[in-house]
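The values are calculated or read from the model by the stated rules, or taken from the named source; none is laboratory data. Note that this is a predicted model, so its numbers are computed, not measured. All Cβ positions, glycine included, derive from the backbone under ideal geometry; neighbour counts span all protein chains shown.
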Amino acid sequence: MNYVKSAMLLAALTALLLFMGQMIAGQSGLMIALVMAVVMNFGSFWFSDKIVLGMYGAREVTQSDTPELFNLVQQLAMRANLPMPRVYMINEEAPNAFATGRSPAKGAVAVSAGLMRMLSREELAGVIAHELSHIQNRDTLIMTIAGTLAGALSYLSQMAMWGMMFRGGNDREEGPNPIAALVGVLIAPIAAAIIQMAISRSREYIADANGAQISGAPLGLASALKKIEAYSQRIPMHHGSPATAHLFIVNPFKGGLAGLFRTHPATEERIARLEQMARTGKFRA
């Protein structure tokens, strides 16, 4: 059901983008929105992994660099029947991890130095398995597309705002409908953020369930989530942007708008579901 929900939300986000383009500037606005969606998604499809890894200064590691981490990723990837992903380390004390890559063949897993120090092997296995599930289900591509479409909507709303300002009181020119422009400036970006968050939250539940199945230890992931959530309140992430918060296993940006618009389900609810899985032995999102 969560897969269908994600597809419906992506369709809603795309429809909102095209609708806003048409409302702002008619048929030409619709074409601009369509071109923006195509161009931005092309760029995100081919280069999103390089962009996000570079944003966090992630360094690719080999088996000789970090044998414990590399071997664990290798073992879990084999269990998940996945190609061996690239492994990256982030020089951050904030414990966290994310996955990226447009397909399982191009997958990458990045973990922070703080995560390696603070988690036991079973907890680390739960986190890695969760991230491998994102790669397996192509969630990284889905969430990248959602983020790109939301960004395009933001650009359109800015275009509407500047159009209203520069047209001013010139009544001789036929401009965009002022009500439509106001909706574009105020409402559309909020709607896009809500849809993007709904996509991210539904994918996290699936990754928790599939990750528990891959690692075979739902309580290990539950314990890891408790630690990451607790430390994220006290140890900030120094690099990156809240725009990428949905990629991490737990949102590392708690303040400001990042705290207002939740990109993840409540950690307590995720832990409760994992504990229920451990009691029943049923691994379902």
Next on the checklist: For the stretch 37-60, give me the residue count where each residue is crowded, with 17+ Cβ neighbours inside 10 Å and either outside any helix (DSSP H, G or I) or modelled with pLDDT of 95 or more (or both).
Outcome noted: 2
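Do we find a residue being buried (at least 22 other Cβ atoms within 10 Å of the Cβ), at pLDDT 70 or above and part of a helix (DSSP H, G or I) anywhere in the stretch 175-190?
Taking every residue of the stretch 175-190 in turn, none turns out to be buried (at least 22 other Cβ atoms within 10 Å of the Cβ), at pLDDT 70 or above and part of a helix (DSSP H, G or I).
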Next on the checklist: Suppose we filter the stretch 108-134 for residues that are of a type in the set (S, T, N, Q) and surrounded by 21 or more Cβ atoms within 10 Å (Cβ to Cβ); how many remain?
Outcome noted: 2
Checklist entry - Within the bounds of the stretch 76-85, is there any residue that is in contact with a Lys or Arg (Cβ under 9 Å, 6 or more places away or on another chain) and either in a strand (DSSP E or B) or surrounded by 20 or more Cβ atoms within 10 Å (Cβ to Cβ) (or both)? => result yes
Checklist outcome for this item: Result of the Cβ filter at 7 Å on the stretch 111-132, keeping first residues that are without any contact (Cβ under 8 Å) to a residue 60 or more places away in the chain and partners that are among the aliphatic types (A, V, I, L, M) and in a helix (DSSP H, G or I), at least 6 apart or interchain, is 111/69; 116/69
Checklist outcome for this item: Scanning the stretch 66-80 residue by residue, those touching a residue at least 12 places away in the same chain (Cβ under 8 Å) and over 16 Å from residue 120 (Cα atoms) turn out to be 77, 79, 80
